[in-house]
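Novice: Take this structure, written in structure tokens, and hold onto it; I'll ask about it next.
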Amino acid sequence: MSLAPASEKPGRSRWAQINPVYFVLLALLVLIVLQNPRFAEPTGYMNFLKRAAPLAILAAGQLYVIVSGGFDLSAGSLITLVVVGSSMLTNNDPNATAWVIAVMYAIGVVVGCVNGLVVTVLRVPSLIATLGMMISLGGLSMMWSGGSPRGYLPDTFRFFGRALIRDVPVIGLLPIAVIVMVVSGLLLWLLMSRTNLGRMIHALGDNPRAAQLAGVPVLPVRLSAFVVSSLSAVTAGILLGGFAGVSTDVGTGYELQAITAAVLGGAQLLGGRGSVPAAIAGALTLQAIFTLLNFMGFPQPLRQVVQGLILIAAVGLAAYRKKQGAG
Amino acid sequence: MSIVIAPLKRMFESRRFERNAAFYLLLLAGLGYVLIAVATGQMQYLTLDNLVSILGRTVALGITAIGQTFAILIASIDLSVASLISAASVLASVVMNGDPGMIVPAILAVAVLGAVVGLINGVLIAYFDVNPLIATLAMSLIIQGILSAFVTNFAGDVPEGFQVFAYGTFAGVPYALILMLLLALGAWFVLRHTRFGANIYSVGGNPAAARSAGIRTSRVIISAHLICSLCAALAGIYLASRLRAGAPWIGADGVYDLESIAVVVIGGTVLSGGRGGIWGTMAGVMIFSLLDSIFNLTGVDAFVKQVLRGVIIVGAVALYSYRSGRIAA
């Protein structure tokens, strides 16, 4: 969106330059309100935003890796590791929350660095590198918990995912998770669109050889993209830990949903194009679709079918628009 | 020391090493297996029968990986194989439903299913320019969604006569293993000795050049995906015969999508297409199977095993990619 292609014809209306994901999201939200008017009340839409927060944060982080030209398949299993690891480390002690969260972010940095180093130094394609990480982290979660995670996270830890601020003027109530989403979204947006790092990530994804020749330090830039993705996964994991109980499949499938969300937001796979707000809108769109299907009483499996169809439509449409733009 | 290291270093740096790396790895895995069996005094695992049984466990992954090789050679990828395997196993078993007379219609039905899925994948990728990862991922969601809407438990019944496919042996070698090897032989012949095979390498290596040279690239892409899906469908039939019924979770349980990709890449076929081959893939399948056997011999904890597996996949691929000089993404 912020990167309107230079080939855009001047005669085209300004509407055509706005990322279509925003219109789709708007239309879906209108449909949901028509189905269920209570959704327009603060409890309705705040609950929706709260549910969508982990995916939105994850998608914004995943976008960094996608724009740099790769994939991060390890995000979902990192979420699981964060939830399982936190429950093991806190051991029901409410005072442990602060240092446990610090440890989790440290783990995130390590995972991101390992992914980045394997891709840049060992030159393993990120699909395989992060797939290996996903398998290994899955095993680590099982090892750590002995196969059957036990206990609960203390309320101080679950605060971020569960707590609400009540009696807020105008909007009534405000979940902490939504604040976390807005703050991380803003940070990631600024980092991507207002700093040199963001520009270098774009350059690297667009044409790695050209970027390298132009003096982009490939290793640190790619490393930061993977670290950002891992840190967003840790944040998403902390929120998800507050939502529900501890299990070894909390994060399962989240990496693919995050990629779907980024793609819905117009991110170009294999790099060079993407925007953080649009990726977050993509995540909200995906969540809105699930909510709508839920209201309409679709069984769980059919949601998968719809997700698949939407994915094909979104990517097919993007490819079509690109062809039109090029021709 | 340098007497040993210098030739090793030269071997590692030679061009031929890259082509044969999968076989060196296989040798290493085989050697490791034998050493550990001897060291732990479990000599009963060093018989020919045991080798056959190790190979027998690879059939489903092997057949799937043969198909996946075609997809990856044209610089595509197929993430829908796992769901297709589940769907094929359920469809085969439901159509047969214990009646030996329905074996042939069941196989035909599954073949049609595989062909339709492969065709849709190929058309989406070749004509609609949908990124292969996304197209086949979406296809996987659609198949699994439809399947789960109808079936949640073991479905259908495979008649005794068809269980022979998974359990029957010829001179001690399972039929299914023979079938897999014949399939690999056929794939090798197609890739190395036919025009279609040459086209696959051209399209994977440089699609623009292939098109300029007059190759109908779309057709090659669609055919490769047809082959990939038909192989996955066959793996589904095999698993139905082995479990004696169709199970809607069998593909996802075996992680056949990601494992088949890992095996192909360990076998030296590059993800960017145009380089690699069937025998590397077969070596990759056997490496995986030998590793599993080594883990079993040593009694490594199941979770530790999973961690090691992830590390080994990355390590094996790094062996090729490290010296490639390409910038990976």
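Novice: Figure the gain on full extension for B:Leu185 and B:Glu160 (residue separation times 0.36 nm, minus the Cα-Cα span) and round it to one decimal in nm. If you can, show how the numbers build up before the last one.
Specialist: Values: separation 25, 0.36 × 25 = 9.00 nm, distance 2.90 nm.
Here the answer is 6.1 nm.
Novice: Sequence-distant or interchain residues sharing an amide H contact under 5 Å with B:Thr169, placed H: which?
Specialist: Long-range HN contacts for B:Thr169: B:Tyr175.
Novice: Would you mind checking which residues have amide H under 5 Å from A:Ile18's amide H? H placed 1.01 Å from N; only 5 or more apart, or other chain.
Specialist: Under 5 Å from the amide H of A:Ile18 lies no amide H from a residue far enough along the sequence or on another chain.
Novice: Further question: Averaged over A:310-321, how many beta carbons belonging to a partner chain fall within 10 Å of each residue's beta carbon?
Specialist: Numbers: counts 2, 8, 11, 2, 3, 10, 9, 2, 4, 6, 3, 0.
What the average comes to for A:310-321 is 5.
Novice: Related question: Once the Cβ-Cβ distance between A:Tyr152 and B:Asn153 is put in as r, and R0 is 25 Å, what FRET efficiency do you end up with, to the nearest 0.05?
Specialist: Working: r = 32 Å, r/R0 = 1.28.
That gives a FRET efficiency of 0.20.
Novice: Please give every one of the aspartates and glutamates within straight-line cross-link reach of A:Lys50, meaning a C-alpha to C-alpha distance under 18 Å, and leave out same-chain neighbours fewer than 8 residues apart.
Specialist: A:Glu41, A:Asp155, A:Asp167
Novice: Pick from A:Asn294, A:Asn207, A:Asn92: which residue has the top mean-square fluctuation in a GNM of chain A where Cα pairs under 10 Å get a spring?
Specialist: A:Asn294
Novice: Let me ask something additional. Would you please classify the overall shape of chain A from the alpha carbon gyration tensor, given that a ≥ b ≥ c denote the square roots of the eigenvalues, rounded means a/c under 1.5, and beyond that prolate means a/b larger than b/c while oblate covers the rest?
Specialist: Numbers: a/c = 1.74, a/b = 1.13, b/c = 1.55.
Oblate is the answer for chain A, as a/c is 1.5 or above yet b/c matches or exceeds a/b.
Novice: Now for a different question. Can you compute the FRET efficiency between B:Ala111 and B:Leu28 using 1/(1 + (r/R0)^6), with r the Cβ-Cβ distance and R0 = 45 Å? Round to the nearest 0.05. Mind dumping the intermediate values first?
Specialist: Working: r = 38 Å, r/R0 = 0.85.
The pair B:Ala111/B:Leu28 has a calculated efficiency of 0.70.
Novice: Further question: Could you give the length gained on full extension between B:Tyr167 and B:Ala213, defined as 0.36 nm per residue of separation minus the Cα-Cα distance, in nm? Please report the intermediate quantities before stating the final value.
Specialist: On the way: separation 46, 0.36 × 46 = 16.56 nm, distance 4.76 nm.
Roughly 11.8 nm would be gained on extension.
Novice: Could you run the Karplus curve 6.51 cos²θ - 1.76 cosθ + 1.60 with θ = phi - 60° over the range A:114-128 and give me ³J(HN,Hα) per residue in whole Hz, x for Gly and Pro?
Specialist: 3J(HN,Hα) across the range A:114-128, in whole Hz: 4, 3, x, 5, 4, 6, 7, 7, 8, 6, 7, x, 4, 4, 6.
Novice: Give, as ranges by residue number, the residues of the range B:66-107 whose backbone N falls under 20 Å from the point 7 Å along Cα→Cβ of A:Lys323.
Specialist: It comes to B:75-77, nothing else.
Novice: OK, next. Please report the relative contact order for the range A:14-326, taking Cα pairs under 8 Å with a sequence separation of at least 6, and give it as a percent rounded to a whole number. Spell out each step's value before the answer.
Specialist: Values: 531 pairs, mean separation 110.1, N = 313.
Computed value for the range A:14-326: 35 percent relative contact order.
Novice: Rounded to the nearest 0.05, what FRET efficiency do B:Arg323 and A:Ala214 have when you use their Cβ-Cβ distance and R0 = 25 Å? Show your work: numbers first, answer last.
Specialist: Working: r = 25 Å, r/R0 = 1.01.
About 0.50, to the nearest 0.05.
Novice: For the range A:255-327 and the range B:229-286, write down the distance between their C-alpha centroids in whole Å.
Specialist: So the two Cα centres are separated by 28 Å.
Novice: Once label points are set 7 Å from the Cα along Cα→Cβ at both A:Ile18 and A:Arg199, what is their separation, rounded to one decimal in nm?
Specialist: Label-label distance for A:Ile18 and A:Arg199, simple model: 2.9 nm.
Novice: Sort B:29-41, B:240-252, B:55-67 by the packing proxy (mean of other Cβ within 10 Å over each peptide's residues), most packed first. Provide the component values of the computation, followed by the final result.
Specialist: Values: B:29-41: 14.2, B:240-252: 22.4, B:55-67: 25.5.
Top of the packing list down: B:55-67, B:240-252, B:29-41.
Novice: Run through the range B:172-240 and list the trypsin sites (Lys or Arg not before Pro) located in a DSSP loop whose Cβ has at most 15 other Cβ atoms within 10 Å. Write down the numbers at each step before the final one.
Specialist: On the way: sites: B:Arg192, B:Arg195, B:Arg211, B:Arg216, B:Arg219; in loops: B:Arg216.
Passing both the DSSP loop test and the Cβ count: B:Arg216.
Novice: What's the ranking of A:50-62, A:104-116 by average number of surrounding C-beta atoms within 10 Å, highest first?
Specialist: Numbers: A:50-62: 29.6, A:104-116: 20.5.
My ranking of the peptides, most packed first, is A:50-62, A:104-116.
Novice: Counting only residues 5 or more places away or on other chains, whose amide H sits under 5 Å from the amide H of A:Leu173 once H atoms are built in the peptide plane?
Specialist: A:Val168
Novice: Each residue of the range A:50-58 in order: what ³J(HN,Hα) in whole Hz does its phi give by Karplus 6.51 cos²θ - 1.76 cosθ + 1.60, θ = phi - 60°, with x for Gly and Pro?
Specialist: Once θ is set to phi - 60°, the couplings for the range A:50-58 become 4, 4, 7, 4, x, 5, 5, 5, 4 Hz.
Novice: Across peptide B:119-132, what mean number of C-beta atoms from other chains lies inside 10 Å of a residue's C-beta? Display every interim value, and only then the final one.
Specialist: Working: counts 0, 1, 0, 0, 0, 4, 0, 0, 1, 7, 7, 10, 8, 1.
Average per residue, whole number: 3.
No value in this document is a laboratory result; all are computed from the given coordinates. The model shown is predicted, which means the values in this text are computed figures rather than measured ones. Virtual Cβ from ideal backbone geometry, glycine too; neighbours counted across all protein chains shown.
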